[in-house]
Structure formats: structure tokens, C-alpha cells
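Heads up, the thing below is written out as C-alpha cells.
The values are calculated or read from the model by the stated rules, or taken from the named source; none is laboratory data. Quantities reported herein were computed from a predicted structural model and do not represent experimental measurements. Methodologically, a virtual Cβ is constructed for each residue, glycine included, from the backbone with ideal geometry; neighbour enumeration extends over all protein chains shown. Protein only, heavy atoms only, side chains kept; ligands, DNA and RNA dropped before computing areas. Shrake-Rupley method; radii C 1.70, N 1.55, O 1.52, S 1.80 Å.
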Amino acid sequence: MVALDVDLSLRFFTPEAANLFGLNENSIGRALSELNHKFSDDQLLLDSEAVLTTHAPLMHQSEMGLNTFFDRRVLPLLDLKGNMQGVIITFSDISEMRRAKQEIEDARAYASSIIDSIRQPLVILDHHLRIVSASPAFYSGFYIVPGEAVGHQLAEISDACLDGKALRRFQAQIQSGDDPVEDCEVEANLSPRGRRTFLLSAHRI
């Protein structure tokens, strides 16, 4: 954390901030524009000036080196009467969170590539049995587009072409426990292909 006065000159700083800005005991009184920070943040000076004017906090993500990221906040520094005394700049390390987010995105992309490569109709359902995603073979086989399916249950799509009674029995089996459900026979009326019979299986993930 660093604190600046109304002229955006340095008032005090924490040891952690000293590393980010290359500060020492002789840095007190120096202008923010003169400080050579070790992170990428072109908005820092502009945000500090804006907070002095508006009293409204501002946040920006900054990067320092390879895979090191911070949430940088500029906050108004007020006295007990609410008068502006300067600004405080704080930093929160979000590197681990960014890496975890990237890993999740990579895992989703990997899972999607697997789903897209499956030549049989396959559907991913959430715990409410609503469609999260599906394979291209599912969409083409049931003559629907993703926008008509995602977020809906199977019985709600394609004009309820699946046999409702058999489908409810299949869904009840899914919800009854963690064991896989194998080869549940369900009929569907698929125009223009006519009536078809499917064997539905489900596995919890």
C-alpha cells in the first residue's frame, strides 16, 4: 500500500509496496509521476487524479513479470470531516486465482473438444437435469439448435418429441442414486424421420 497527498506526492508506504515501486526512505515526498513502478499499469496516474476529483474508488488489473497479476485499487483518503487528504493505492495478488481460472477454462475447452468429437448423441445435464451442453450429433439428430436446448430439460425441447412417460422414468432413475443408468428405452417422434427408439444411458460426473 502507498498513500499520496492531494498533490499525489508520496506520504508513506508499506514494505510490500517498496518492492513494487522501488521505494526507500528517500522516496517520501516524491510525485507519483516520478516513481518507477515495476508493473504494467498505464492507468495509475489517471485513476489517482480521477479519485481526487470524484472521491469514487477505481480498480484495475496490473501485471508484473510472467504470470504475476494484481488487483490495484485507488481509494480516497479522507479525514474525519470527509475532506480529501489524498489517495491510497492498494494491491492484491490474484496470480493464483488467474491461474486457477485459466486451468478451468482449459479443462472446459478440452471437455468441449471431446464432446464435439463424439459421433453419437450425448448430453451433459446439471443437477436439475437441465442441458448444459451437447454433442453435434444430438443437435442434428433431434433437429434443434443449441439455443433451443441449453438451460432446458430434455422433455422441453424439440416440441416434446421424446416419450414423456419413459423419459420421466429415466430421469427418476438418474436422481435415485449414483449408479449408472443403462439402456433405458425411450421412443421419439422425429419429423421428418418419423418414430425412432433410443436407448438412453447416464453416468454421474
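Assorted remarks:
- P(r) histogram, all alpha-carbon pairs of segment 81-202 included - 5 Å bins from 0, percent: 2, 9, 15, 19, 16, 10, 6, 5, 4, 3, 3, 3, 3, 2, 1, 0
- For segment 62-88, backbone nitrogen atoms closer than 16 Å to the point 7 Å from R98 Cα along Cα-to-C-beta are found at 62-73.
- Neighbourhood net charge (15 Å Cβ-Cβ; Lys/Arg +1, Asp/Glu -1) for T90: -2
- Of the Cα atoms belonging to the chain, the radius of gyration and Dmax stand at 28.6, 83 Å.
- Accessible area of I118 (1.4 Å probe, protein heavy atoms only, ligands and nucleic acids ignored): about 60 Å².
- In degrees, nearest ten, helix 164-175 long axis to first principal axis of the chain (Cα): 50
- In percent, rounded to a whole number, the relative contact order of the chain is 11, using alpha-carbon pairs under 8 Å and six or more apart.
- Contact order normalised by residue count of segment 88-196, Cα under 8 Å, 6+ apart, percent: 15
- Dividing the summed helix terms, -39500 (n - 2.57) for each DSSP H run of n ≥ 4, by the number of residues in the chain produces a 222 nm estimate of -9000 deg cm²/dmol to the nearest 500.
- Working note: Karplus 6.51/-1.76/1.60 with θ = phi - 60° gives segment 140-153 the couplings 6, x, 9, 6, 10, 10, x, x, 8, 10, 4, x, 10, 7 Hz, where Gly and Pro are set to x.
- Relative packing of 163-173, 106-116, which averages over residues the other C-beta atoms within 10 Å, highest first: 163-173, 106-116
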